[in-house]
Amino acid sequence: MKKYIFFVGLLLLSFSNAFAQKPSTIVIENSDFSDLNEIELPGAFLLTGNVRAVHDGVVLTCNKAYYYKNENYIKAFGDVQMVQGDTLFLNGKYAEYNGNVKQAFATGNVVMRSPEMSLVTDTINFDRVKQEAYYNSNGTIVNKENTLKSKSGRYYVTQKKYQFLTAVTITNPEYVIKSNHLDYYTNSGHSYLFGPSTITGKENFIYTEKGFYDTKKNKAHFVKNSYIKYNDRLIKGDSLYYDRNQEFASATRNVKITDSINKAIIKGHYGEVYRNKDSLFITKRASVRTLMEQDSMFIHGKRLVVTGKQGERVIRGYNNVRFFKTDMSGKCDSLHSDQKRGLTQLIGRPILWNFDNQLTGDVMHLIGNNQTEKLDSLKVLNNAFIISKDTIGTGYNQVKGLNLYGKFKDNKLYEVDIEKNTEVIYYLRNDEQELIGINKNTSSKINMILDGKTIETITFFNNVDGEIYPEAELPENTRKLRGFVWRGDERIKTKEDIFPPEENEYDVKAAADVKAELKDDELPMEPRKETLEYDKKPAAKKVSTSKKSAKK
């Protein structure tokens with residue numbers, strides 16, 4: 001039993017000695033001269049000329065030093081250099097080093113160098129235990145790509161990382177980054193921004209409150225209150241990806257792109273912008289709002305593409321396109337709007353509502369006047385059909401023919417020509433709105449003058465055949481032309497109606513996804529590639545309307 005106790009005692013003693021070992025002593029390897037003067041420098045050796053001291057892998061050289069052997073402490077003067085391995089070099093005019101706690105202090109034109117960078121400051125502290133260096137006296141960091149300036153900073157040697165918690169500026173030939181909290185990795189060039197931060201380039205300005213920037217690859221990802229601003233375009237989104245080399249940006253969730261020159265606002269939950277190609281793509285509850293004669297036009301499609309420079313903008317919409325303006329709305333499968341030509345093509349089952357008039361046909365063209373920036377005319381090609389409800393009764397005024405050509409005045413359809421195999425059913429009323437009769441007629445061509453909601457005059461041309469029937473003499477089943485389809489329940493009456501119910505689900509999902517921000521150490525997603533092809537149909541030739549007319 002005694003031997004066992006003795007053995008345990010020895011074991012405990014050996015552990016306690018191991019943990020209580022004294023720090024290693026600073027060793028003076030060289031000094032041209034050495035002196036001891038207890039009066040002027042009590043407890044210190046005065047070392048001069050090619051002083052060289054080592055301690056646990058650190059080599060200190062200087063012109064003169066005070067070495068306090070009992071305190072394991074040294075003060076160095078003149079051309080001071082501290083070298084840790086082959087990765088860290090520290091130079092200054094004056095330095096102090098404590099071998100017991102492995103902490104160094106340097107001042108006077110301090111330069112700290114590593115293979116990746118160099119730091120110039122006035123005063124620096126270096127904790128060898130934690131392998132951290134920090135300064136509070138304005139510093140400039142230079143590497144191959146960037147120059148960093150800050151009031152204070154901390155360098156983590158093992159991670160090769162700088163952390164700045166006060167004003168810091170990164171200057172690159174192509175941009176300048178400013179932030180109050182920035183983590184910068186010298187070997188990879190990765191920068192992590194926290195709090196209000198800006199990136200100013202030659203062509204754009206970026207703001208974010210949380211983001212990542214790869215200073216070597218010029219790629220970035222921003223996830224909080226971020227936007228990218230060009231001279232004529234502002235891009236916002238909950239999450240922004242940016243590639244400076246391609247001048248490409250993509251945005252996810254609550255995307256808003258403002259085009260100040262073309263007076264347009266584009267929204268959705270995923271978008272891509274190619275600045276050099278003057279093009280953008282938007283999807284997931286996508287919409288484009290443009291200004292037309294002091295009124296806003298709202299366009300929606302599952303996919304919207306905007307291309308072309310100022311004055312040559314082209315808007316393409318795909319799949320269930322819907323649009324709204326206070327005096328006009330419509331739907332079609334796809335849309336192609338050419339700003340330079342002033343032509344908007346509604347392709348695939350188009351329908352247009354202008355006031356109370358419902359217009360349908362196989363193909364529909366809206367033509368604008370680029371000088372007045374107003375709607376000028378309308379073409380409905382093949383199976384043109386106009387329907388409007390009778391002002392009082394339950395009947396429908398109807399006009400159909402092969403092609404329709406209309407003229408706008410103040411964005412109101414005021415004159416319409418319908419050509420080839422035209423048919424009419426029209427409810428005639430007097431000034432007291434009393435029903436006079438129902439006009440059922442056929443002819444080769446019809447001209448109508450409209451006043452907003454009502455038809456003022458109808459003129460029939462060539463091969464006119466028909467008559468006015470008293471209401472009681474025209475059976476209900478003959479009061480609708482062949483092909484009649486009233487789609488009043490589909491009419492888009494507000495800007496919110498441009499979104500079908502299933503598209504509204506994206507808003508709910510986007511609100512939930514806002515919380516799913518990327519972690520600080522995650523790299524941004526790669527941009528998505530889309531096919532931007534579209535169907536393009538030629539405009540119809542203008543039909544002459546100079547035939548001799550006869551009014552009935």
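The values are calculated or read from the model by the stated rules, or taken from the named source; none is laboratory data. Worth saying up front: this structure is predicted, and the values here are computed from it rather than measured. No Cβ is skipped: glycine too gets one built from the backbone with ideal geometry, and neighbour counts run over all protein chains shown.
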Taking segment 428-465 and the residues there that are of a type outside the set (A, V, I, L, M, F, W, C) and surrounded by 21 or more Cβ atoms within 10 Å (Cβ to Cβ), the one that is nearest to the chain's Cα centre (by Cα) would be K445
Of (1) loosely packed, with under 11 Cβ neighbours inside 10 Å; (2) among the polar types (S, T, N, Q); (3) under 46 Å from the mean Cα position of the chain (by Cα), N504 fails just (1)
Taking the criterion of being β-branched (V, I, T), touching a residue at least 60 places away in the same chain (Cβ under 8 Å), within 28 Å of A95 (Cβ to Cβ) and not in a strand (DSSP E or B), would at least one residue in segment 152-165 satisfy it? yes
Tell me, which residue of segment 442-500 that is part of a loop (DSSP other than H, G, I, E, B) and touching an Asp or Glu at 6+ places or on another chain (Cβ under 7 Å) is modelled with the lowest pLDDT? K453
Scanning segment 119-157 residue by residue, those hydroxyl-bearing (S, T, Y) and within 35 Å of the chain's Cα centre (by Cα) turn out to be T140, T147, S150, S152, Y155, Y156
Within segment 200-238, the count of residues that are buried (at least 17 other Cβ atoms within 10 Å of the Cβ), more than 26 Å from V288 (Cβ to Cβ) and among the β-branched types (V, I, T) comes to 1
Looking at segment 230-253, is at least one residue touching a helix residue (DSSP H, G or I) at 6+ places or on another chain (Cβ under 9 Å) and not in a strand (DSSP E or B)? yes
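The rows are residues; the columns are (1) under 19 Å from A53 (Cβ atoms); (2) out of contact with any Gly (no Cβ under 7 Å at 6 or more places or on another chain); (3) not charged (D, E, K, R).
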| position | (1), (2), (3) |
| --- | --- |
| N98 | yes, yes, yes |
| Q103 | yes, yes, yes |
| V110 | yes, no, yes |
| M117 | no, yes, yes |
| V120 | no, no, yes |
| Q131 | no, yes, yes |
| Y135 | no, no, yes |
Subset of segment 451-484 (residues that are without any contact (Cβ under 8 Å) to a residue 12 or more places away in the chain and under 23 Å from E415 (Cβ atoms)): E456, T457
Filtering segment 366-392 down to residues that are touching a Lys or Arg at 6+ places or on another chain (Cβ under 9 Å) and either among the small types (G, A, S) or not in a strand (DSSP E or B) (or both) yields G368, N370, S377, A384, S388, D390, T391, I392
Which count do you get for residues in segment 101-117 that are part of a loop (DSSP other than H, G, I, E, B) and farther than 15 Å from N187 by Cβ? 2
Checking the structure you have, find out if any residue of segment 289-297 is at pLDDT 90 or above, over 20 Å from P501 (Cβ atoms) and not charged (D, E, K, R). no
T326 vs. criteria surrounded by 16 or more Cβ atoms within 10 Å (Cβ to Cβ), free of Cβ contacts under 8 Å to residues at least 60 places away in the same chain, over 14 Å from G271 (Cβ atoms) and not hydrophobic (A, V, I, L, M, F, W, C): no
Options V129, V120: the member that is touching a Lys or Arg at 6+ places or on another chain (Cβ under 9 Å) and either outside any loop (DSSP other than H, G, I, E, B) or not charged (D, E, K, R) (or both): V129
Which count do you get for residues in segment 27-64 that are more than 16 Å from E96 (Cβ to Cβ), under 60 Å from the mean Cα position of the chain (by Cα) and small (G, A, S)? 1
Restricting attention to segment 309-361, and to residues there that are outside any strand (DSSP E or B) and of a type in the set (D, E, K, R), which single residue is farthest from T283 (Cα to Cα)? D356
Pairs where the first residue, in segment 108-130, is buried (at least 18 other Cβ atoms within 10 Å of the Cβ) and the second is part of a loop (DSSP other than H, G, I, E, B), C-beta under 6 Å, 6+ apart: S114/T87; M117/N143; M117/T186; T121/S137; R128/K102
Starting from segment 57-76, take each residue that is farther than 13 Å from F45 by Cβ and list its partners that are in a strand (DSSP E or B) and of a type in the set (V, I, T), counting only C-beta distances under 6 angstrom and pairs at least six apart or across chains. V59/V83; C62/V51; C62/V80
